[in-house]
Amino acid sequence: MNNVSFTDLKLSPEILKALAEAGYTTPTPIQAQAIPAVLEGHDLMAGAQTGTGKTAAFALPMLQKLLPHASSSTSPARHPVRALILVPTRELAIQVEENIKTYARHTHLRSLVVFGGVDIKQQTPHLKAGVEILVATPGRLLDHIEQKTVLLNQVQMLVLDEADRMLDMGFMPALKRILALLPRQRQSLMFSATFSSEIKKLSEDFMNYPTLIEVARSNASAENITQKVYLVEQANKHQLLAKLLQGDDAKQVIVFTKTKLTASRLARELQREGVSADAIHGDKSQLERMQVLESFKQGKVSVLIATDVAARGLDIDSLPMVINYEIPHAAEDYVHRIGRTGRAGASGTAISLVSPEEEKYLLEIEKLIKTEIQKERVSSPGPGAKTHRAQRGEASEHRREYHASAPKKPSHDPWFDKPYEPSVSAAPPAKKAVEPPAGKPKAQIPALFVRRSG
Ligand code: AMP
C-alpha cells in the first residue's frame with residue numbers, strides 16, 4: 001500500500017480537480033512511482049498491464065509538463081503535437097484518449113485519436129486544427145505522415161503503450177519509421193506487460209537510461225482474481241459455458257476464443273439460445289466493434305465473445321468474470337485475458353475451460369504465473385457418448401430443449417464428478433432456472449443440463 005496522495009505528486013489544481021471529479025482519491029502503485037519519475041524528466045520503462053492505472057501514470061505527468069504550453073488561441077500553430085502516444089489497437093487508442101480528455105478537461109490542452117478502419121479524411125481537419133496530444137495506432141499515423149497531414153518535429157514526449165503487443169502484432173517496422181521522424185531531444189516512456197528480450201532491445205534502441213518500474217511482477221497474474229479450471233472435452237465446452245453463463249457473476253462476461261471463427265460461431269449459437277451475446281474481433285468493421293463494445297459497456301449485451309487482439313486493453317468497469325472458452329497457446333495472453341477482471345482493486349473470477357488437448361498449454365500458464373490453478377474435472381455426457389461431430393449436433397438439439405424444458409430443481413448435477421458446490425469466489429452458482437412448460441416429461445431432459453438443487 002502506498003500513502004501518497006495526488007497532491008503529494010505535485011499535480012496542478014486543474015488536473016487535481018479533474019481527478020477528484022473522476023472519483024480518483026489515491027494514486028495506484030504504478031502512478032505513485034511513475035508520476036514523479038516522469039515529472040523529473042526521466043525516460044521510463046514500466047512493467048504494467050491494463051487495469052493497474054497505467055494510462056493515468058503517463059497521462060497525468062504528461063499533462064502537467066505540457067500545461068505551460070496550453071493556449072486558448074485557435075491558431076493551429078499554437079497547438080503543435082508535443083506528445084505522441086502509440087498504441088496497438090483502435091479500442092485502446094479510443095480509451096486512452098478518452099482518459100486524457102477526462103484528465104485535461106480543465107486545461108486548454110487538446111487531444112485527438114487517430115486509428116485505421118475509418119475514413120482518414122475525417123481525421124485530417126482535426127489534425128490540421130492542431131492538437132498537443134496525439135494518440136495513434138502506428139499504421140494510421142504513417143498514413144497521415146505520408147499525406148503530410150501531421151508534423152512530429154515538435155514532439156517532446158513519446159509513449160509506447162502495450163509495447164509487447166505492438167511487437168506481437170508486427171508493428172516494429174512501422175515503429176522504427178515513426179521513431180526516426182521524432183526529435184532526438186525528447187522524453188520516452190514505454191509500458192509493457194512483459195519484458196522479453198525484444199522489448200529490452202527496443203528500449204535500448206530508443207530510450208536513454210530509463211528508470212525501470214514494475215508494479216506487480218510483470219508475469220504474475222493479479223491476486224484479487226480467483227482462477228479456476230474446468231477440465232472438459234472440447235465437444236462439451238459449449239454446454240458447460242451455457243451453464244456457467246447462468247451464474248450470478250455472469251451478468252457481464254468476456255468469453256475468450258482463440259479464433260475469430262469460433263468467436264463468431266459461439267456468438268451466433270448463444271444468441272440462438274436466447275443469451276444476449278455478441279462478438280468482437282478483427283474481421284468486424286471499426287464501427288461494428290465500437291457498437292458492440294458500447295452495448296456491452298451499457299449492459300445491453302451481457303456476453304462479449306472476443307479474440308485476444310480485439311480484447312487487448314479493453315477497459316470495462318467492474319467486469320466480474322472472464323471465461324476462457326479456449327486457453328491461449330501463448331501463456332502471457334492468459335495473463336492479459338484474466339486482467340480484464342479484478343480491476344482497480346475489485347475482485348474477479350477467471351474461469352478456463354481446458355480440453356485434454358489444451359492441458360499442455362495450461363502447464364505453461366501455471367509455470368508462468370507460478371501458481372497451480374484450482375481444477376475440477378467435468379464429466380462427459382455419459383455412456384453412449386457419440387463422436388464429436390454427432391455429439392455437437394445432439395448438443396445443439398439439447399440446448400434448444402433446455403430452454404424449453406429444463407427442470408427448476410433437480411437434485412444433483414451429473415456434469416461434475418463431485419456434486420457441484422461452487423464457492424463464492426470460484427465458479428458461479430447455478431441460477432435462473434427456466435421453468436419447464438407443463439406436461440413435458442422429465443425423461444427428455446438431457447442429464448447434461450440437470451442442475452443441482454439449491
Ligand atoms: P488503466 O490501467 O489505465 O486501463 O486503468 C484501469 C482503470 O482504473 C480505468 O478505468 C481508470 O479510469 C481507473 N483508474 C486509474 N487510476 C485510478 C485511480 N487512481 N483511482 C481510481 N481509479 C483509477
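Any chance the stretch 141-149 includes a residue that's among the hydroxyl-bearing types (Ser, Thr, Tyr) and either part of a loop (DSSP other than H, G, I, E, B) or not assigned by TED's automatic domain parsing to the domain that holds PRO61 (or both)? Can you show your working first?
Of the residues in the stretch 141-149, the ones among the hydroxyl-bearing types (Ser, Thr, Tyr) are 149.
Retained after the next criterion (residues that are either part of a loop (DSSP other than H, G, I, E, B) or not assigned by TED's automatic domain parsing to the domain that holds PRO61 (or both)): 149.
Yes, because at least one residue in the stretch 141-149 is among the hydroxyl-bearing types (Ser, Thr, Tyr) and either part of a loop (DSSP other than H, G, I, E, B) or not assigned by TED's automatic domain parsing to the domain that holds PRO61 (or both).
Give me the residue from the stretch 22-40 that is away from the ligand (no atom under 12 Å from the Cβ) and touching a residue at least 40 places away in the same chain (Cβ under 8 Å) and, out of that set, surrounded by the most Cβ atoms within 10 Å (Cβ to Cβ). Break it down into steps so the answer makes sense when it comes.
Going residue by residue through the stretch 22-40, those that are away from the ligand (no atom under 12 Å from the Cβ) are 33, 36-40.
The next check asks that each one be touching a residue at least 40 places away in the same chain (Cβ under 8 Å); those that pass are 33, 37-38.
Working: GLN33: 21, ALA37: 19, VAL38: 25.
Per the criteria, the residue is VAL38.
Assessment of the stretch 64-79 against the conditions (within 14 Å of the ligand (Cβ to nearest atom), more than 20 Å from ALA129 (Cβ to Cβ) and outside any loop (DSSP other than H, G, I, E, B)) yields no matching residue. Screening the stretch 310-322 for residues that are touching a Ser or Thr at 6+ places or on another chain (Cβ under 7 Å) and either at pLDDT 80 or above or of a type outside the set (D, E, K, R) (or both) and picking the one that is farthest from the ligand (Cβ to nearest atom) gives MET321. Criterion applied to LEU127, LEU84 was being away from the ligand (no atom under 16 Å from the Cβ), open to solvent by less than 40 Å² (accessible area, probe 1.4 Å), under 16 Å from VAL150 (Cβ atoms) and not in a helix (DSSP H, G or I), and the one residue passing it is LEU84. Taking the stated definitions as given, is ALA59 within 15 Å of the ligand (Cβ to nearest atom), closer than 25 Å to PHE206 by Cβ, in contact with a Phe, Trp or Tyr (Cβ under 7 Å, 6 or more places away or on another chain) and in a helix (DSSP H, G or I)? In short, yes.
Only one of the listed residues (ILE133, ILE199, ILE145) is among the β-branched types (Val, Ile, Thr) and surrounded by fewer than 19 Cβ atoms within 10 Å (Cβ to Cβ). That residue is ILE145.
Of all residue pairs spaced 6 or more apart or on separate chains, those with beta-carbon atoms under 6 Å, a first member in the stretch 64-85 that is closer than 13 Å to HIS108 by Cα and a second member that is among the acidic types (Asp, Glu) and surrounded by 20 or more Cβ atoms within 10 Å (Cβ to Cβ) are LEU66/GLU132; HIS79/GLU132. The set of residues from the stretch 239-260 being open to solvent by 10 Å² or more (accessible area, probe 1.4 Å) and not small (Gly, Ala, Ser) comprises LYS243, LEU245, GLN246, ASP248, ASP249, LYS251, GLN252, LYS258, THR259, LYS260. Yes or no: LEU9 farther than 16 Å from HIS106 by Cβ, away from the ligand (no atom under 13 Å from the Cβ) and not small (Gly, Ala, Ser)? Spelling it out, it is not the case that LEU9 is farther than 16 Å from HIS106 by Cβ, away from the ligand (no atom under 13 Å from the Cβ) and not small (Gly, Ala, Ser).
The values are calculated or read from the model by the stated rules, or taken from the named source; none is laboratory data. As the structure is a prediction and not an experimental result, all values here were calculated from the model. Cβ: placed from backbone, ideal geometry, glycine included. Neighbour counts: every protein chain shown. Side chains included, ligands, DNA and RNA excluded: accessible areas come from the protein's heavy atoms. Shrake-Rupley method; radii C 1.70, N 1.55, O 1.52, S 1.80 Å.
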